[in-house]
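Nothing in this text is a laboratory measurement; each read-out follows from the coordinates by a stated rule. What you are looking at is a predicted structure, and each value in this text was computed from that prediction instead of being measured. Heads up, the Cβs are rebuilt from the backbone with ideal geometry, glycines too, and the neighbour counts pull from every protein chain shown.
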Amino acid sequence: MINKYVIDSSVFVSALGQPDTFSEASQQLFFHLEKNPGIILVPTLVTLEVLVNLHKQEYPIQEASDILQCFQSLPLNEELTYAVATFLTKSKTSLKASDFSIALLAHLNEATLITWDKRLLAEGTSICPVSTPTEWLSKV
């Protein structure tokens, strides 16, 4: 079975944008994912968040767009809308709609969500497997 990973915007921005506390681990994550078999999935919403946040940091947007196009995109569509409605009839969530959608897309694609987002790390586990880049790297 091939491993699948949904990468959150926090990881992309940390890896590509201005250096922060998480930059090194985020960059190492992409280095290891490139060398190991697996599928990297990027929700359309994550793509938009990354482009906007990198633009604020004056990162070259065309370069960011080219990088993001290397990964399999997960669209926001009617299938996701139905899945959200179905999930919410059985469970509750306190996540923002955007974070909930990203976690649910990971669940629907049987993928691990990799993020630095504290709320997703704490509450996303009820939807899908969730890990920080550092946690994931400690297992390889």
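Quick notes on this structure:
- Under 9 Å, Cβ to Cβ, from Asp8 - net charge with Lys/Arg +1 and Asp/Glu -1: -3
- The chain: most fluctuating residue of Thr44, Thr86, Thr115 per GNM, C-alpha cutoff 10 Å: Thr86
- For Leu120, neighbours were defined as the other residues whose beta-carbon sits under 15 Å from its Cβ, and their charges (Lys and Arg +1, Asp and Glu -1) total -3.
- Remark on Val42: its backbone amide H falls under 5 Å from those of Gln72, Ser73, Leu74, a criterion applied only to residues 5 or more positions apart or on other chains, H modelled at 1.01 Å from N.
- Dipole of the chain computed with +1 at Lys/Arg Cβ and -1 at Asp/Glu Cβ about the Cα centre; of Ile102, Ile40, Gly17, farthest Cα towards the positive end is Ile102.
- For segment 70-140, the extents of the C-alpha atoms along the principal axes are 36, 29, 17 Å, listed from largest to smallest.
- Going by neighbour counts of Cβ atoms within 10 Å, the residues Cys70, Cys128 line up, fewest first, as Cys70, Cys128.
- Of (1) 30, 23, 17; (2) 29, 16, 12; (3) 23, 17, 15, the label for semi-axes √(5λ) of the Cα gyration tensor in Å derived from the coordinates: (3)
- By the rule of a C-alpha distance below 26 Å, with chain neighbours fewer than 8 residues away ignored, the lysines paired with Lys90 are Lys4, Lys118.
- The residues Ile67, Ile7, when put in order of fewest to most other Cβ atoms within 10 Å, stand as Ile67, Ile7.
- The ranking of Asp8, Asp20 by Cβ neighbour count inside 10 Å, starting from the fewest, reads Asp20, Asp8.
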